2 protein chains.
Amino acid sequence: MQTCSKERVQNKIETFAQFGDTGNGGITRFSLSKEALQAREEFVKRMEALSAEIVTDDMANMYATIQGTEANLPRIVIASHVDSVRNGGNYDGILGVITAMEVVETIVTEKIPHRYPITAMIWTNEEGSLYPPAMMSSGVVCGKFDKAKMLASKSAEGKTFGEALEESGYIGDEINRLNPKDYRAMLELHIEQGPVLEAEEKQIGVVEGVVGMVNYRIRTYGQSDHAGTTPMQYRRDALLAAASAIKYLHRELDKLDSNLVYTTGEILCHPNVHTVIPDFIDFSLDARHKDPEVIKQVVEVIKNMPKEFDKCQVKYEEAWARNTVDFNDELVGFVQKSADAYGYSSKKMYSGAGHDAQYVADMMPTAMVFVPSKDGHSHCEPEYTSVEECWRGINVVLQTVLEIDKK
Amino acid sequence: MQTCSKERVQNKIETFAQFGDTGNGGITRFSLSKEALQAREEFVKRMEALSAEIVTDDMANMYATIQGTEANLPRIVIASHVDSVRNGGNYDGILGVITAMEVVETIVTEKIPHRYPITAMIWTNEEGSLYPPAMMSSGVVCGKFDKAKMLASKSAEGKTFGEALEESGYIGDEINRLNPKDYRAMLELHIEQGPVLEAEEKQIGVVEGVVGMVNYRIRTYGQSDHAGTTPMQYRRDALLAAASAIKYLHRELDKLDSNLVYTTGEILCHPNVHTVIPDFIDFSLDARHKDPEVIKQVVEVIKNMPKEFDKCQVKYEEAWARNTVDFNDELVGFVQKSADAYGYSSKKMYSGAGHDAQYVADMMPTAMVFVPSKDGHSHCEPEYTSVEECWRGINVVLQTVLEIDKK
C-alpha cells in the first residue's frame, strides 16, 4: 500500500496556518484577501516544483495538473478551498487542498504510475465570508448561480466580488472551468465538522452524500406595551409565544427519525427593551435529513403548528430548501474499499454541512472523505484534527485516485 | 366648582405638539434639543404673560411662580417634563407641564384667591433618551444621583449632558432647586401609560405610589456547534434552555399575586446564526409589585429555578431593584376628594412606570394624578388621551391645589 508522508502533511498544515494567523491558534483568511493570495502563491510554488501545469478559470478557481501516461484521458481532480470564516481554524477547506497537493507530491516523488492526468484544485470563495453566498464559484461553474449576480456581491465595506476578482490577478479563461468532459471525477477531503467520528471512534467518514434541508422563518406577533403598567391579562407577549413555539417544535420534531437534526439558531426580538413587552419575534428553523420523506414530515409539523400561542399569532415562511445530494456509488465504493485496504475503521455517513462537492455531484462523479473533528468543533479557532488523522484521510484519497485510475 | 378651560387645554396640546412633530402624529423631542428649547420658550412666553417669575436651577429645571396672598408660605409646585422618547407621543410628560400652566392660567384669569405661591415646573431630562439615566434631574435634586456623573453622561454621538446643559442657556443657580423648605408639596399629572383606567371605565387614577421592582438578567450556557453536523443527542442548545426557562418562570410567577407584572422584554443570542447551535442566551426579567413581600416571592422563584435546563447551565444576576414609593396620604386624600367633588369616576392605583415624582416623594409631600391612555399605548406615536379626559385631570389638580391652600 502506498502512503503519503506524515512529515510533509505536518509541514503543509504548519505552512498554510501562517497565512492569516490570528495568533490564537486559528486563521482569518477571507477569499481573495492578501492572506488568501499568500496561500495561493504557496500552492503555485509547491505545484510548480512538481512540474504541474497551472491554469485558472474566470472565477479564479485554480487547477494544477500533472499528466498521466495515457493520452486523451480526462482528469481526476482533488479539490477544496483555502478561504476561511472570521476566526476560523486550520483545517476546514485548506486540509482538502493540502490533500490534493500531497497526493500529487506522493505520486510524483514516489513515481507511482497513473494513466489519468491528476489535478489539484482550489475553489474560490467557498465560505462566502466577505462576499455571500457560500460555495459561490462551484455554484457558478455548476450552473447553480448567475455569474453576473455573484460578481455584484458586496462586502460590508462596499467592495464587489467582481472588483476583488480583478484585483487578485488570478482571473483566467472560462474554458478552463471544471467540466464533465475534461474531468473523470472529483474528490474532496474535509473535516467532519461534527462529533460523530470521534464519538464512535472511527478514523474515516465514507461520505455518501449531503443531506437535504429546509430553512424556515417562524414569526410571532404580539403587542408592545409598558412592562410596568400593563396587567398580565391584557398582554400579548411575542417572546413568550416564541418560547412556546420553540418548545412545541422540539416536542413534535423529536418524535421523527432520530437522524434528523434541526436548529433554532437565530432569534430577533422587537423592540428588545427590558421595559417593553415584545411585539415581534422572528426565529430560524434549520432542519436536515438525507431522506426527503423525513424533511416532508418536518414541513408537516411546521404547517400543523397551532396558529396561535399565548394569544399571539404565529406564522411561518420557507426561506430556502435544498434536496439531498447523493455522491457517485462507484466512487463511494472506491473510498470504502481504500479505507478498508489500509485497515482504517470507517463509517458511512451523510454530510450535514454544505460543500462545493455537492454542486459538482450534479455535473460529474463526485465523492468526499471525512476525517474526525476534535470535539466536533469547526468554524472556530479550536478546530483540530491530528496529523495522524489527516494523514490517514489523505492516504484514502490517494488510494481512491489509484482505484479510479485502474479502470 | 372651579374648572379650567377645555379650549385652552386643546390649544396647549396642539401648540406643544408642533415642537418635534414627526409628521406621524407624534414627536421626537430629546431633552435640551432644539425642539425641547422651543417648548421651553413657549412655556416662558405663556408664563410671563401671566406675570409669573421664572428661575432655573443648576440642572436647568424651570420654575415659574405666581405669588399667593400670604407672605412666607412655601410654594405648591405642579411639575412634569417636556422631553420625549424617540417617536414618542403628545401626552407623556408634556401633559403634566400643560396641567401646571393651565392651573396657573385658570387661577390668574379667574382670579381665584390662594394663600400659597404656586409654581409651574419643568424637570430636565426625565426620559434620558439621549443622556441616560431616566429621571436624571429629579435624581440629582433629590440626592439619588451624583451630579458630576450625570454631567458626564454621553449621547451616542459623544456629546455630554454637561455640554448640552451649557449650550442650552438655561443653567441657573443651585439655590433655586426644589427643596422641602421652600415648597409645600409637588403634584404631577401624567397619562396612565397602561390600559386599566380605560378598561375599567374610570376617568381619574388616584395614584398612591410607584411600585417597587427588581430587574434580573438570566443566562443560559450551551455549546456552539454546526447545525448540520451535530446529532441531537450531543447538543446543548442555549436557546432551547432559555425557552424552557421562560416557560418555567411564567408558570411559577403566575402562581403569585394577580397584581404582579413581570416581563422578559430583551433577549440576546450568541452567535445568533441560523446554521449554528446557540451557546449563550441572556434575557431580562423585570418584575413589579407594590408589596415588597410579593417581590421577595419573585426573587425566591428565580433563586429556586433549576440550575440546568436542557443540559445547559442557568445563572441569574440582579441588575437593579427599587423599593415601592408611597405618596403622601394627605395629598392622595385631597386628590380623591377633588375627583369625587367633580363627580368623576376614579380608581386608586399604583404607578408601574417610574416618574420624577417618585424621587421627590422621598423629600417632600408628593402625589400624582393619572388620566386614561387609549388602548394603554405610550412611548409611541399613537399615544392618545382625549381633551375631555385631560381637562378632567387638570380640574382635579386645580382642586387639589386649592384643597392644599385651605390648610
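The values are calculated or read from the model by the stated rules, or taken from the named source; none is laboratory data. Not measured: the values here are computed from a predicted model. Neighbour counts run over all protein chains shown; Cβ positions are idealised from the backbone, glycine included.
Of all the listed residues (B:D340, B:D362), the sole one being acidic (D, E) and assigned to a loop (DSSP other than H, G, I, E, B) is B:D362. Candidates are the residues of the range B:227-240 that are part of a loop (DSSP other than H, G, I, E, B) and more than 7 Å from chain A (Cβ to nearest Cβ); the one that is nearest to A:D257 (Cα to Cα) is B:R235. For the range B:261-281, filtered to residues that are within 7 Å of chain A (Cβ to nearest Cβ) and touching a Cys at 6+ places or on another chain (Cβ under 6 Å), the residue that is nearest to A:H377 (Cα to Cα) is B:P278.
Residues in the range B:60-77 that are touching a Lys or Arg at 6+ places or on another chain (Cβ under 8 Å), over 16 Å from B:V97 (Cβ atoms) and of a type outside the set (D, E): B:G68, B:T69, B:L73, B:P74, B:R75.
Candidates A:S284, A:S258, A:S224: the one that is surrounded by 17 or more Cβ atoms within 10 Å (Cβ to Cβ), closer than 24 Å to B:G222 by Cα, facing chain B (nearest Cβ under 10 Å) and not charged (D, E, K, R) is A:S284.
For (1) under 17 Å from the mean Cα position of the chain (by Cα); (2) crowded, with 18+ Cβ neighbours inside 10 Å, each residue gets a yes or a no:
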{"position": "A:M368", "(1), (2)": "yes, yes"}
{"position": "A:D375", "(1), (2)": "no, no"}
{"position": "A:P382", "(1), (2)": "no, no"}
{"position": "A:E389", "(1), (2)": "no, yes"}
{"position": "A:R392", "(1), (2)": "no, yes"}
{"position": "A:N395", "(1), (2)": "no, yes"}
{"position": "A:Q399", "(1), (2)": "no, yes"}
{"position": "A:E403", "(1), (2)": "no, no"}
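Checked across the range B:173-196, the condition of being modelled with pLDDT of 95 or more, aromatic (F, W, Y), buried (at least 20 other Cβ atoms within 10 Å of the Cβ) and part of a loop (DSSP other than H, G, I, E, B) holds for no residue. Scanning the range B:371-387 for residues that are more than 16 Å from B:R29 (Cα to Cα), among the small types (G, A, S) and assigned to a loop (DSSP other than H, G, I, E, B) returns B:S373, B:S386. All of B:P195, B:P133 fail the test of being more than 25 Å from B:C4 (Cα to Cα), free of Cβ contacts under 8 Å to residues at least 24 places away in the same chain and within 14 Å of chain A (Cβ to nearest Cβ), apart from B:P133. Of all the numbered requirements in (1) over 19 Å from A:L197 (Cβ atoms); (2) at pLDDT below 95; (3) not aromatic (F, W, Y), A:P382 misses one, and that requirement is (1).
For B:S244, state whether it is at the interface with chain A (Cβ under 8 Å from one of its Cβ atoms) and either not hydrophobic (A, V, I, L, M, F, W, C) or not in a strand (DSSP E or B) (or both). The answer is yes for B:S244.
Residues considered: B:K307, B:K290, B:K347. Of these, the only one that is surrounded by fewer than 17 Cβ atoms within 10 Å (Cβ to Cβ) and among the basic types (K, R) is B:K307.
I'm trying to understand the selection: among the residues of the range B:201-221, which are within 11 Å of chain A (Cβ to nearest Cβ), under 30 Å from B:V396 (Cα atoms) and in contact with a Leu (Cβ under 8 Å, 6 or more places away or on another chain)? Within the range B:201-221, just B:G205 meets the criteria.
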